[in-house]
Amino acid sequence: MELLDPLPTVETARKLGVLPDEFDRIVTILGRQPNFTELSIFSVMWSEHCSYKNSIIWLKTLPRDSDRMLAKAGEENAGLVDIGDGLACSFKIESHNHPSALEPYQGAATGVGGINRDIFTMGARPIAQLNSLRFGDLSLPKTRRLLRGVTKGIGDYGNAFGIPTVGGEIYFDECYNTNPLVNAFSAGIVEIGKVAKATSYGVGNPVFIVGSATGKDGIHGATFASEDISAASTDKLPAVQVGDPFMEKLLLEATLEIIATGYVIGIQDMGAAGIICSTSEMSAKGEHGMVIDLDKVPTRQPNMAPFEILLSESQERMLVVIEKGKEGIIQGIFDKWDLHCAQIGEVTAAPADGMGRLHFYRYGQLVADVPAHDLVLGGGAPQYRRDYKEPAYIKEFAKFRINTVPDVTPADLGDVARHLLSHPNICSRRWVYEQYDSMVGTANRSTNAPSDAAVVRVKGAGIPKTDKSIVITVDCNSRYVNANPFTGAQIAVAEAARNIVCTGGEPLAVTNNLNFGNPYVPEVYWHFVEAVKGMGEACARFATPVTGGNVSFYNQSSDDGPVFPTPTIGMLGLMENPDNRMTLNFQNEGDTIYLIGSPQNDVASSEYLYSYRKVKASPAPAFDMEQELAVQTIVKQLITKKLIRSAHDISDGGLFVAVAESAMAGGRGFAINTDGEYRRDAYLFGESQSRVIVSVSAEQQAGFEQFMQKAHVSYSQIGSVTASDYVVDGQVVIASDTATSLYNNALGEIMA
Amino acid sequence: MTLYTYDFSTYDYYLCPMKVGVVVFPGSNCDQDAVDAFESFDLSVVKLWHKDHDLQGCDLVVLPGGFSYGDYLRTGAVARFSPIMTEVIAHANRGGYLMGICNGFQILAEAQLVPGVLLRNTSQQYVCKNIYLKPQSTSALLTAGLDHDRAYKIPIAHGDGCYFANNEALARLNDNDQVLFRYCDEAGNSTDAANPNGSLDNIAGVCNDRRNVFGMMPHPERAADAALGNTDGRYILEQLLTAVLA
């Protein structure tokens, strides 16, 4: 044992982010004082990022099961959902917020790399990516630098890796000035029965490290992600990893090839906490131990300390345990792809209790001896129940009454229309998405047919042929969540499901990325608890279990406080029959436009109220779960019965923006009428939920009316599709060319 | 429909099914898309591994899109030295058909199998979107049979697609009818606004003077499937097959 240096103290532990109680617990587990290497091991494995210590108790309350669930949350690197025909979809979302705040390009790039490794380490070939981004006030040069860097990072990595980025969402609010959010989503396809596991067993089986060499980048990255951002954070730049998408592409192909041999016992990618995380999680799961010779790990620089090798978050690496005797076959595949492949140890026996130990050697000396089980989530890692308290502002927000703001007059409409269509939260994201390869793989069915969610054919090298498509989306309006975390999180789930339904898909399952501030602040923790409760209830009602995801706390700075609570929902849907595809674009002049769902006298938390009327304090928009379910059921039936030509859900910017988006996508105009029973601003710009805009051709109209009269959902004919111009109550609000130009170019002009 | 071609490699004039080979470099990521597109014409298609020295008797060799060798150093600069390029270059020198799409075009330019070079887009940004192309050459196999009054909608996806050649080379390209495509708007006008990357004279693709090596930045293989709502690329790929019959 390494005893040359004095043993670390509680004070050292504190510097590594280990609490005094936790230090005592480590001493109890080991039966002695830990050395520095061991303390480092515990500090990263028990960091929030790896152990979910402050969230796991609440995460366990989320619904996690359905008939289609092949791997439940936490069992594997990503959720696994049966999509029929012997295929499964593996999908997950993960944050890279803290690295992106300091180094947006590499932070975002490695976020993309990490989430894709989670997918292909299961043997699934990634087929589509999404991302969910939050930035601060776009008028600040710093925000534009972050947006530029993150976009380029996602693009450069994803484009070279060769998996299309098919959708996403971006919001801007000053609460994200210091802490941007970068959440990356990936979905892949694997044949059921060929899924690789993150496990390790079989005494004497060799343990390999494959892919990139190990460097000093990202050391204590997991600990870093578990702290508030401060001025001192830039001192932690080495905690940001550097990505190499070329290496990732080679690693993808080589990994799928070795898994296909059938000789892989277990495999896990190395992301947060590097080698120590993979060795401990795989060993704990397989109830075995490992002996690892750190001298055999290919490194980028000489003389790396044991803790540096163990904790390094160098990208594009995997830990693989294979059947003894098959070393040559695996080596051959990695040679073919010109990748490192080094045997660094072997699997060892565990005592009868299954608690295997990890022994790490450096220069022939045992430098760490730790029990795998005690390091990991679900094992010995601590779990905390934090105090929480409703923040005072919530009651203030609830006091908002609509009559405190004036309604818009017909003369105002043009001004509001221009404001909303060019607002960074609503305008076209083409400046961003055109920097992403959205078409590689020839599977993206949304390129030439826009819809609320992305439709991606289940297709790729090695994937058996099928007609099915996955339908995927990421959603979260964090302003709603901030106003009411329970309802706001429900709305995030509802909107994701609505987007999938409006596209012709069937919602199946959810992955979540829970972005919050410091969990030790009771008001922040209340956001978290309420959001998880709301999300859980909504996921249960939509029969979309949560298959896994990621918690990112500490999105908070000393200057700006916490970000809006942002529980991003990534939802997976399935389209069995390609004929059920529905798009959002208006088709022909003369088609009738209908609103499905009820208007409300509600402008709460709308973009209109927030940025046009500049009223920041209001509750979440009106939401009724029963109404939502009823509307979605009707829209599904309208699509399968072929009674509508387009469907687009009403979200940011309200009914007017939804109709305008359908018109722009179809190169058409519209003429609609408001309803005298509602305030004009609420009718046109309110963001009350559970509403969908559909268009109906003359041939469909009789059938549509007949069907809707029997449906127990309110609907109203609001106007018709025209050649050009956006007309409300007989008055031209904005010319279609002007609207399209504003909408398409607003973001590009700001970024120019 | 099965298409047939003469097997030039042996100069035996018997009919044999045309065979397409798609080279896979490390970092290629449009190889499978090219395979899928050519297979949809009922052709025999094989992948050719970059470390091999055997074209497996392919009549048409395709260098696909992607980021070969990570495009580190310079796009296509490393891939041109891949082992299989010896045989690919020999194939072209024999008069065999060779097509480079996107990164494949960049490799052809680096290997000097087609004139000109591909620079960073003038926007300094990667760009992926549908653009329009107008066929130019009336003598090259790839474009002679296309409708020269039509704008074809084809996707692009590249960061280094700005075509450049010096004045002398440009004059030769034009005089010798070697420009395959120019970027244009939906109406077919080759305007500055329709030029997505700053390419010289809106040039989107060129061929060599012998007219058997074709390079283009846009991706016809990404517009070759009705399920994706755009089949303009099929017309372009089809030229390679039908024209060989003549």
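The values are calculated or read from the model by the stated rules, or taken from the named source; none is laboratory data. Keep in mind it's a predicted model, so treat the numbers as computed, not measured. Note that each Cβ is placed from the backbone with ideal geometry, even for glycine, and that neighbours are counted across all protein chains shown.
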Quick check on the stretch A:81-98. Is at least one of its residues touching a Gly at 6+ places or on another chain (Cβ under 9 Å), within 14 Å of chain B (Cβ to nearest Cβ) and modelled with pLDDT of 95 or more?
no
Yes or no: A:Tyr157 more than 13 Å from chain B (Cβ to nearest Cβ), at pLDDT 95 or above and either outside any strand (DSSP E or B) or in contact with a helix residue (DSSP H, G or I) (Cβ under 9 Å, 6 or more places away or on another chain) (or both)?
no
Scan (1) assigned to a loop (DSSP other than H, G, I, E, B); (2) more than 14 Å from chain A (Cβ to nearest Cβ); (3) out of contact with any strand residue (DSSP E or B) (no Cβ under 6 Å at 6 or more places or on another chain) for the single condition B:Ala193 breaks and write down its number.
(2)
So which residues in the stretch A:412-433 are more than 30 Å from A:Asp156 (Cβ to Cβ) and not small (Gly, Ala, Ser), if there are any at all?
A:Asp412, A:Leu413, A:Asp415, A:Val416, A:Arg418, A:His419, A:Leu420, A:Leu421
Give the residues of the stretch B:114-130 that are surrounded by 24 or more Cβ atoms within 10 Å (Cβ to Cβ), farther than 14 Å from B:Asp71 by Cβ and away from chain A (no Cβ under 14 Å), sorted by residue number.
B:Val114
Give the stretch B:184-210 a look and list any residue that's within 15 Å of the chain's Cα centre (by Cα) and surrounded by 21 or more Cβ atoms within 10 Å (Cβ to Cβ), or say none.
B:Ile203, B:Ala204, B:Gly205, B:Val206, B:Cys207
Return the residues of the stretch B:56-73 that are in contact (Cβ under 8 Å) with a residue 40 or more places away in the chain and not in a strand (DSSP E or B); say none if nothing qualifies.
B:Gly57, B:Asp59, B:Pro64, B:Gly65, B:Phe67, B:Ser68, B:Tyr69, B:Gly70, B:Asp71
Checked A:Val203, A:Val190, A:Val240 against criteria (in the same structural domain as A:Ile344 (by TED's automatic domain parsing), at pLDDT 95 or above, surrounded by 19 or more Cβ atoms within 10 Å (Cβ to Cβ) and at negative phi); the one match is A:Val190
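Return the residue satisfying two criteria in turn: it lies in the stretch B:148-161 and is over 18 Å from A:Ala160 (Cβ atoms) and in contact with a helix residue (DSSP H, G or I) (Cβ under 8 Å, 6 or more places away or on another chain), and of such residues it is surrounded by the fewest Cβ atoms within 10 Å (Cβ to Cβ).
Among those residues, the one meeting the criterion is B:Lys153.
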Can you name every residue in the stretch A:486-505 that is among the aliphatic types (A, V, I, L, M) and over 13 Å from A:Ile634 (Cα atoms)?
A:Ala489, A:Ile491, A:Ala492, A:Val493, A:Ala494, A:Ala496, A:Ala497, A:Ile500
Would you tally the residues in the stretch A:420-453 being small (Gly, Ala, Ser) and more than 10 Å from chain B (Cβ to nearest Cβ)?
4
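Applying the selection to the stretch B:84-104, what residues are assigned to a helix (DSSP H, G or I) and either over 26 Å from A:Met439 (Cβ atoms) or β-branched (Val, Ile, Thr) (or both)?
Selection gives B:Met85, B:Thr86, B:Glu87, B:Val88, B:Ile89, B:Ala90, B:His91, B:Ala92, B:Asn93.
For the stretch A:308-324, what are the residues that are in contact with a strand residue (DSSP E or B) (Cβ under 7 Å, 6 or more places away or on another chain), on the phi < 0 side of the Ramachandran plot and in a loop (DSSP other than H, G, I, E, B)?
Answer for the stretch A:308-324, where residues must be in contact with a strand residue (DSSP E or B) (Cβ under 7 Å, 6 or more places away or on another chain), on the phi < 0 side of the Ramachandran plot and in a loop (DSSP other than H, G, I, E, B): A:Ser312, A:Ser314, A:Glu323, A:Lys324.
Keeping to the stretch A:122-150, report how many residues are of a type outside the set (D, E, K, R), part of a helix (DSSP H, G or I) and out of contact with any Phe, Trp or Tyr (no Cβ under 8 Å at 6 or more places or on another chain).
Of the residues in the stretch A:122-150, 1 are of a type outside the set (D, E, K, R), part of a helix (DSSP H, G or I) and out of contact with any Phe, Trp or Tyr (no Cβ under 8 Å at 6 or more places or on another chain).
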Quick check on B:Ala223: is it of a type outside the set (Phe, Trp, Tyr) and over 18 Å from A:Met439 (Cα atoms)?
no
